[in-house]
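Visitor: This is the structure I want to talk about, given as structure tokens.
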Amino acid sequence: MSTEELKEGYIYDFISGQQVKDTPEEREAVQVFAKMLVEDYNYPKQLLQTRPQYRVKVRPSDTKKEYPVDIAVFQDENHTEDNIHIIVECKKKNRKDGKTQLQDYLRFSKTRIGVWFNGEERSFIKKIEKDGKILFEDIPNIPRYGERLEDVGHFKRKDLKPATNLKVVFKAIRNYLAANAVGITRDEVFAQQLINLIFCKIYDEKFTRREDSVTFRAGIDENPNEVSKRIKGLFEKVKEQYNDVIEISDSIILDENSLTYVVGELQLYLLKDSERDAVGEAFEIFIGPSLKGGQGQFFTPRNVVQMVVDMIDPQADEKIIDPACGSGGFLVEALRHVWLKVEEKGQELGWPEFEIETEKQKVAIKNFRGIDKDNFLSKVAKAYMAIMGDGRGGVFCENSLDDFANWKPLTQENIQKDSFDVVVTNPPFGKKLAIDSQDLLSQFNLGYSWKQNSEGQFEKDSILDKQPPQILFIERCFDLLRPNGRLGIVLLESIFGMPKYRYVVDYIRKNSEVNAIVTMPEDLFQPHTHAKCCVVICTKKKPSKVYPIFMCDVKWCGHDSRGNPTFRYNEKGEKELLDEIPGVAQLFKEGK
């Protein structure tokens, strides 16, 4: 890495460490794919060349090699013409050109593998020499370090590794489907299809032994019809295993080529252990702000979900609920957290493996509950919980803010007031969201206006015309908690700063001891909304007169306002994700 101070308008190149101009193409394509080559495909940096740019011939007689290549991958550390392995051509977003250029690079070089990437779309191609002609063919993916081209799609379960940037993968899938899928045009349908395939993938990861080949794969030169038959067969197994949460009528309707493309993009990864929640990330890409923003469905980034769950620290014998569960991100993360405790206890007591698994399932079925008023999201959450382990029967489609007595009998049977040890949630928010039903508002103390008397105490006044649902959710969370229960909730920071919401802060303070307030950067929910949020952790109890509150102001959340990862160089000169959120829970536990 360069030791000189970074010049304005420049960024560090991930491979060479040199300063390069901060152009959209460089920032959103070259640097992103270079990082994926190292982290997802395992190529050592010394086999990659970005700066100075490697050059290839423009024509057979070209001795100067006039074409500069964005990223060149070599067989070994000798960056020579004989060792060139993969050529990557990058463009900025919205630039569709460059594919012909890439073919020219391949035509006049000794490699047969190429990648075209513009930050949101990508193509993998191979060169074929046949009857004196050079032809080009799309392939499902490129080989990882140490693999041959022929090895693509021949993965054992142990070969899979977590993805570091699912957002890029899902953007590429979404844009490919929008341009190429036959018979589908709506993002909601694409989302449903991708969710079905994600469930197939997670099921395959879960039920394939480490040494066995995975079923979710697409090989080089494999007939798309064979890939389609294999994946559809896998989905039938998923439906059979989870017939109570995935409808028998659900099907994979993507055409064979589109299905093969999606499988090729996802087959490298271990989705269930990836850094980001695969289901939530897919929704963020496919169900855009125009569709989900109106309902305030901004899915919580997994690093925040992990932080909240770690701070709350749910135990195996505690009942846990998310009353605005969306696709199930908080529930799945809390389930992982609790299962780890079950495993540790089982190993400590010498339980056999099957007994540990039985106990994990028992905990999921008995203690985990979720509610969402969106039928599609609640179905996805049920299936997600089922495929991760269990707890499928604990997710219900209801309006959490409705009177408990109006819920379906099965929901009432499973979810009652004052019965949960832990509530973790990110209730819906948005400028245009408001509850204006007088019947609903009248059920809540926070559905009324409150005025301060001469002694500065708040007194309930008249019913409001409308109220943001997030405010009502605060009271509903306290309704669900038993005494000494713990709440972890994502709230708009404005609730704690605007004079008109002082009565809300007073309500929280009178009904609980606030254990922690963690303010988040404005970029947290970007690029979907600018909302400035904070996380509040509190315990439902009569507050002490004086008690400590953990306060933390997070500046960096791992991505910028465009949703791209943010990085820094540490004291060793190593590039690392600039994300302060994972360290918060430990500081909280240490009482710092």
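The values are calculated or read from the model by the stated rules, or taken from the named source; none is laboratory data. The model shown is predicted, which means the values in this text are computed figures rather than measured ones. Heads up, the Cβs are rebuilt from the backbone with ideal geometry, glycines too, and the neighbour counts pull from every protein chain shown. Protein only, heavy atoms only, side chains kept; ligands, DNA and RNA dropped before computing areas. Shrake-Rupley method; radii C 1.70, N 1.55, O 1.52, S 1.80 Å.
Visitor: If the limit is 21 Å between Cα atoms, which of Lys99/Lys171; Lys130/Lys156; Lys206/Lys373; Lys110/Lys158; Lys237/Lys379; Lys382/Lys408 go over it? Could you put the intermediate results ahead of the total?
Guide: Numbers: Lys99/Lys171 18 Å; Lys130/Lys156 32 Å; Lys206/Lys373 29 Å; Lys110/Lys158 32 Å; Lys237/Lys379 18 Å; Lys382/Lys408 17 Å.
In this structure, Lys130/Lys156; Lys206/Lys373; Lys110/Lys158 lie more than 21 Å apart at Cα.
Visitor: Checking a compactness column here: for the range 479-521, what do you get for Rg(Cα) / (2.2 N^0.38 Å), N being the number of residues?
Guide: Details: Rg = 11.3 Å, N = 43, 2.2 N^0.38 = 9.2 Å.
Against the compact-globule rule of thumb, the ratio is 1.23.
Visitor: With +1 on the Cβ of every Lys and Arg and -1 on the Cβ of every Asp and Glu, and nothing else charged, how large is the dipole of the range 1-127 about its Cα centre, in debye rounded to the nearest 20?
Guide: Values: 23 positive and 22 negative charges, 136 e Å.
With only Lys, Arg, Asp and Glu charged at Cβ, the dipole is about 660 debye.
Visitor: May I pose another question? Taking the chain on its own, what percent of its Cα-Cα pair distances exceed 49 Å? Working shown, then result.
Guide: Details: 29428 of 174936 pairs.
Of all Cα-Cα pairs in the chain, 17 percent lie more than 49 Å apart.
Visitor: Roughly how many debye, to the nearest 20, is the charge dipole of the chain about its Cα centre, given +1 on each Lys and Arg Cβ, -1 on each Asp and Glu Cβ, and no other charges?
Guide: Numbers: 87 positive and 95 negative charges, 120 e Å.
With Lys and Arg at +1 and Asp and Glu at -1, about 580 debye.
Visitor: Right, something else. What does the extension gain come out to for Lys345 and Lys466, with contour length at 0.36 nm per residue minus their alpha carbon separation? Don't skip to the answer; put the middle values down first.
Guide: Working: separation 121, 0.36 × 121 = 43.56 nm, distance 4.86 nm.
Result for the pair: 38.7 nm of gain on full extension.
Visitor: Name the residue farthest towards the positive end of the dipole of the chain from the options Leu410, Gly114, Ala386, assuming +1 on Cβ of Lys and Arg, -1 on Cβ of Asp and Glu, about the Cα centre.
Guide: Gly114
Visitor: Per 0.36 nm of contour for each residue apart, how much would the distance between Asn570 and Glu137 grow if the chain were fully extended, relative to their Cα-Cα spacing?
Guide: Working: separation 433, 0.36 × 433 = 155.88 nm, distance 4.20 nm.
Between Asn570 and Glu137, full extension yields 151.7 nm more.
Visitor: Let me ask something additional. Given a 1.4 Å probe and every protein chain left where it sits, what share in percent of the accessible area of the chain is carbon and sulfur? Can you show the working numbers first?
Guide: Details: 12430 of 26670 Å².
Answer for the chain is 47 percent, counting heavy atoms of protein chains only.
Visitor: Under 18 Å between alpha carbons: how many lysine pairs meet that in the range 497-592, if sequence neighbours fewer than 8 apart on the same chain are excluded?
Guide: Details: Lys500/Lys510; Lys500/Lys532; Lys510/Lys540; Lys510/Lys541; Lys510/Lys542; Lys510/Lys545; Lys532/Lys555; Lys555/Lys592.
Lysine pairs satisfying the spacing and distance rule in the range 497-592 number 8.
Visitor: Roughly how many debye, to the nearest 20, is the charge dipole of the range 355-514 about its Cα centre, given +1 on each Lys and Arg Cβ, -1 on each Asp and Glu Cβ, and no other charges? Intermediate values should be presented prior to the final figure.
Guide: Details: 22 positive and 23 negative charges, 56 e Å.
In total the dipole reaches around 280 debye.
Visitor: Same structure again: Beyond 26 Å, what percent of the Cα pairs of the range 416-544 remain? Show your work: numbers first, answer last.
Guide: On the way: 1788 of 8256 pairs.
Tail fraction, whole percent: 22.
Visitor: Compare the Cα positions of Asn175, Phe155, Pro68 along the charge dipole of the chain (+1 at Cβ of Lys, Arg; -1 at Cβ of Asp, Glu; about the Cα centre) and return the one farthest towards the positive end.
Guide: Pro68
Visitor: Can you work out the accessible area per residue across the chain, with the rest of the protein chains kept in place, probe 1.4 Å, in square angstrom? Provide the component values of the computation, followed by the final result.
Guide: Details: 26670 Å² over 592 residues.
Ligands and nucleic acids excluded, the figure is 45 Å² per residue.
Visitor: Strictly over 30 Å apart at the Cα level, which of Lys133/Lys229; Lys133/Lys161; Lys64/Lys96 would you flag in this model? Display every interim value, and only then the final one.
Guide: Working: Lys133/Lys229 33 Å; Lys133/Lys161 38 Å; Lys64/Lys96 28 Å.
Violating the 30 Å Cα-Cα cut-off are Lys133/Lys229; Lys133/Lys161.
Visitor: Alpha carbon centre of the range 419-439 versus the range 182-258: separation in Å?
Guide: Comparing the Cα centres of the range 419-439 and the range 182-258, I get a distance of 34 Å.
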